[in-house]
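The values are calculated or read from the model by the stated rules, or taken from the named source; none is laboratory data. This is a predicted model, so every value here is computed, not measured. Backbone-built Cβ (ideal geometry, glycine too); neighbour counts: all protein chains shown. The protein model used for the area step is the full one, side chains on, heavy atoms only, and it has no ligands, DNA or RNA in it. Shrake-Rupley method; radii C 1.70, N 1.55, O 1.52, S 1.80 Å.
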Amino acid sequence: MASSEDTHDWEGRYYHIDQILDTPGPRTDEAFLAGDGVKNFLRKEAKILVIGAGGLGCEILANLALTGFKDIHVIDMDTIDISNLNRQFLFRPKDVGKSKAIVAAEFIMNRVPGVKVSPYFGKIQDKDDAYYLQFNLVICGLDSVEARRWMNATLVNLVDPENPESLKPLIDGGTEGFKGQARVILPTITSCYECSLDMLNKPTAFPICTIANTPRLPEHCIEWASVLEWPRVHGDKKMDTDNPDDISWLYSVAAARAKEFKIEGVTWSLTQGVVKNIIPAIASTNAIIAASCCNEAFKIATSSAAYLNNYFMLIGTEGIYSYTFEHEKRDDCPVCGGEALELSISPDTTLEELIEMLTERQDIQIKNPSLSTSTKQLYLRAPPQLEEATRPNLQKKLPELLGPSGGELNVTAGTLPFSATVIIKFTT
Amino acid sequence: MHESQTVERLTTSLEPPSGAPDAKTRRYDRQLRLWAASGQAALRICSHFGHFTLLDSRKVTGADAGNNFFLDGLKSVGKSRAEEAVNGLRELNDGVQGVADTRDIKQVLSSQKDWLKTFDVVVAHNAHPDIIDDLAALLWPETHLLIESHSETAASLRIDKAFPALLEYAMSLPLDTMDITDHAHIPYPVILVRALEEWRRERQQATGAPSTSDEKKAFKERIRKMMRKFDEENFEEAEAQAWRCWTPTVVPSEIQQLFTLYSSSSSSPSSFPALVSALSQFAQNNPASPQYTSGLLPLTSGLPDMKSSTEAIQAEKKVFKEYLSKDVDDASCGYVPQKCACVEGSERERVERNQPGIKGANKLSMQPRETATHLALAAVRFSVGQSARAPSADIPTTAAFLGGLVAQEVIKMITKQYVPISAGDAASSGDGELGVCVVDLVETWTGVI
C-alpha cells in the first residue's frame, strides 16, 4: 500500500519482499521499522553504488532492481567484448564495443519500471569524496585487485567519527570458475580488503632463467615470447593484449619455441590466457555470489535481518562447499589498522632492496612506493627532478639513511590513496 | 629488423598457427577455460542447452512480474508464465532453442511419463512434495558418471611400483660421472626411483619401502648425499617428495566401488560400463608388472612440473608416454569386449587418461534430478525462522542464489566434469543419504546434509 502512489507499481508487485518488510523475524535487529517506514526508505531514499557492470555487475543490478532499490548508480570503464556474452546477460551481440555501464543501465530501466540507474563510463578514480559520500552503501563486482584496494581505502578514509553517515558499508564479491567469495566490510569497524591481502593467491612467476634456458611447460614458451622476444624484436612498441594480431605473433613465436624444445600444449587460447591473465568465469557462480552480495545489501539497507559477519567463501568444484567466518582486522593494516608495521631486516639491505620487499610481501604489495622519514625524503617517484635527486639513495644501505638503530618510514603507495608507516629494525 | 625477419621466417614455417579463434569460441572463451571443448560439446549436444523446455501451466500474477527479471513487468501479467519467461530467456542466446509448455505437471506425470524421460536433466522447483516424490520415482534408475573431476590432488607417479622402462632408465644414469649440469637436471621421480631401488637392492628385496620414521629420515639423508653440489634443486625437490616412495600405489576406493558396481553390467548398451569393466580387468591382470598381481591402474597421462632441463624432462615424458600408450592399448584392446566396439576413441581416451579422477555413484545422491529437486526444496525452507515469517515469500536474491547453485550442479552433470554435490560420500554410503544442500541467507552459510 505504501508505494501505491508510485505510478510504476502494480498490485502485488512487492508481494514477496513485503512479507519480509512487514514482520520482524526471530533474528531481526530491534531498529527494524516494519512496514511503511522501511519500505519508504528502501524505495524512495536509499541510494546505492555498484562498481563494475561485468559478470557480477549485471547480476547485481538485476537483483537490486527486483529487490526494490530504485536509485542505483553504476561505474564501469570497460566496453563490451564478445567474450562477455556467455554470462553478462544484459548485453547482446549488437552491443559489442559500447560502454558496459550505459548499456546495462538502459536494459535495467527498460525491464524494471520505476528504477533509475545512473551510469558512469569511466574510472572510479575520476570521482571525489563528495561523490562517494552521497551513497548509503557500495557493492563491488570487480575482477581487479587494484581497483578494490582503491575503493576500500577511499571508503575507509571517508569515515569521520563525528558523522555516522560517513561510514559506507562496502560489500565485495569475486569469482573464479566454480569458486567465489562475498564479504561485508564496515570501514574502520570490521576487517577491510587490505587486511586480507595475504589471502590472495600469489601470482605464478616463472624464474627468468627457466624461461630463457630450460623451458618445460607451454607457459614457459609463452613467457619467453612475451617477456624476452617481444621487446627484443619490437623495441619500445607496447604489446596490446587486446589486439588479436599481437596475440597471434606471440602464439607463433611461442609455438616455434615449443617445437624446438619438443614441448606440447601451446595454443592460441593458452597464449591469450597467459599474457592477459584471464580468469575463467561462468554465469552460475556469478549468480550465486551476486545474489549473496545483494542479499546483504538488502538486509543492511532495511535492517530486516542480521547480516553476514563477515566473509563467505564458496567452493563449487567438489560438491557445494562453503565456509563462513569472521575475518579479523589487522592492527598493522596500512589502511585501517593505525599501528605501524614492523620489519626486521639485515643492516646490509639497500633502499632498493627494501622497495622490492615492500612490493613483493604478500601482506603489503605496495607497488612503486615513495619513501620518506619525518625529516627527509629518501626516494620519490615524482616529479622527475626529485626522482633524480633521490635516486642515488637507492644503492645506499639503510643504516646510512636511517641511523644505526633504524627508524620510522613513511611509505606512499603509488596509485593507491593511502600511506603506510613502517618501523625498520635491524637484525644483528 | 634483420632479427625480426628471422623470427618471421621461423614462424611461417610452422604448421598453420591457427589465428584468432572464431566468434563462437570467443563468446564462450571464459567457460571453455574451465571445461574445454569436450564439456562445451556436451552442453550443446545435450538437449537441455541446445534446447530447453519450460513447463508451467499458470498465468503470470502481479507478484510474479515483480519478482522475475525475465518477465516483462505489468505487460506480462495475465499471460502464460511459461511463454512469457521463455520469450525473455530466448533473447539471451540465439543459439539456444527454448520451448514453452503450458501443461500441468500432474497431467504429464499421469499420462505422459515417457516424455519426461527424454530430457537429460529435469529441474523441479517450488513443487509440491508429492510431485517431487513422483518425479524421483520416475527418474530414479539413472546414474551419474563423472569423467574429469579436475582434482587438485597430485596424480600418482607410481614411484613405489615403477614400471620396468622407468626403472631401467633410472638405474642406467651414471650419477657420479655424468655432466654436472645434467646431474642437476634429473627429474625428481627418476631420483626417487633410483634411490628406492638401491635401498631395496641393499636389503635384497624386490618390494618394500622405508616405513619407520628412522628409516624415512635415513632415506631422505640418502637422497641428500646423492647431491654433487650443495644447491641442486632437483635433489631438494626429491627429498621433499620422498613420501611418494612409501605411499603405496593402489586403486582408489571410489574406483574400487565402480568396479563392484559394474561387475555384472556387461549387457549395458552404454560405453562407460564397458570401459570400467576393462579397467577392472586390467587392474586384476596387469601384464606389464607380473610381480604385482593386482592393484594397479593404467598410468595417468599428467606429469607435474618439476625442476629439470628440457631434455631430461622430455626423456622422462617419453618413457612415461610410451608406457602410457601401451597401458591404454592393453586396457582398451585387451579387455573391452568386442560388442562394445562402438566405444568412441575420444571417450575411451578421456576415461583412461583421467581415471584417478573418475568418480561414480549410484542411486539418488548422484541423481541429477534428485539433487536439483532437493536443492530447490531447500529454497523453500531456507531457514526455519524465515519460513515462519514469510511462508510464501520467494525473495529475488534467495531465488538467484539457489538458481545459481542448481545451475552449477546441472553444468557439472552435463559436462561430466568437476564433482557434483555429495559425490564423494555417495559412493561410500551406497543408497544411504541424499545430497541436500541447505542454505541460510540470514547468517549466510550453506551446508550439505
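A few points about this structure:
- Projected label distance in nm at B:Glu197 and A:Thr350, using a 7 Å step from Cα toward the beta-carbon: 4.9 nm
- 20 Å tail of the calculated P(r), region A:208-276, as % of Cα pairs: 18 percent
- Inter-chain Cβ neighbour count for A:92-105, averaged per residue, equals 1 (cutoff 10 Å, partner chain atoms only).
- Computed [θ] at 222 nm, helices only, for chain A once each DSSP H run of length n ≥ 4 contributes -39500 (n - 2.57): -9500 deg cm²/dmol
- Legend: calculated FRET efficiency, A:Thr79 to A:Lys116, from the Cβ-Cβ distance at R0 = 25 Å, rounded to 0.05, equals 0.65.
- Lysines with Cα under 29 Å of B:Lys113, excluding same-chain neighbours fewer than 8 positions away: B:Lys59, B:Lys79, B:Lys363, B:Lys412, B:Lys416
- Net +/- balance of residues flanking A:Asn152 in space, Cβ distance below 14 Å, scoring K and R +1, D and E -1: +3
- From most to least packed by mean Cβ count within 10 Å, the peptides A:399-411, A:80-92 give A:80-92, A:399-411.
- FRET efficiency, 1/(1 + (r/R0)^6) with R0 56 Å, evaluated for B:Asp176 and A:Glu146 via beta carbons: 0.60
- Taking every protein chain into account, the accessible area of chain A amounts to 43 square angstrom per residue (probe 1.4 Å).
- Normalised contact order of chain A, rounded percent, pairs of Cα under 8 Å and 6 or more residues apart: 15 percent
- Solvent-accessible area buried by A and B, counting both chains, probe 1.4 angstrom, square angstrom: 7400 Å²
- Separation in nanometres of the label points that stand 7 Å from Cα toward Cβ, at A:Asn163 and B:Lys216: 6.1 nm
- Peptide ranges A:420-428, A:123-131 listed from the most packed, as the mean C-beta count within 10 angstrom indicates: A:420-428, A:123-131
- Simple spin-label estimate for A:Arg27 and A:Ser405 in nanometres, 7 Å along Cα-Cβ: 5.2 nm
- FRET efficiency for A:Lys367 and A:Ile189, using Cβ-Cβ distance with R0 set to 45 Å, rounded to 0.05: 0.95
- Nonpolar atom fraction for region A:208-276, defined as the carbon and sulfur part of the 1.4 Å probe accessible area, stands at 52 percent.
- Summary of the geometry: region B:165-239 and region A:68-109, compared by the centres of their Cα atoms, lie 58 Å apart.
- Long pairs among A:Lys70/A:Lys299; A:Lys100/B:Lys75; A:Lys70/A:Lys94; A:Lys70/A:Lys168, criterion Cα-Cα beyond 20 Å: A:Lys100/B:Lys75; A:Lys70/A:Lys94
- The spread of Cα positions in region A:1-132, taken along each principal axis and listed from longest to shortest, comes to 45, 35, 29 Å.
- Those lysines that a straight Cα-Cα span of less than 22 Å connects to B:Lys216, excepting residues fewer than 8 apart in one chain: B:Lys161, B:Lys225
- Net charge, A:Gly12 excluded, C-beta distance under 11 Å - Lys, Arg +1, Asp, Glu -1: -3
- Calculated on the alpha-carbon coordinates, the convex hull of chain A measures out at 190 cubic angstrom per residue.
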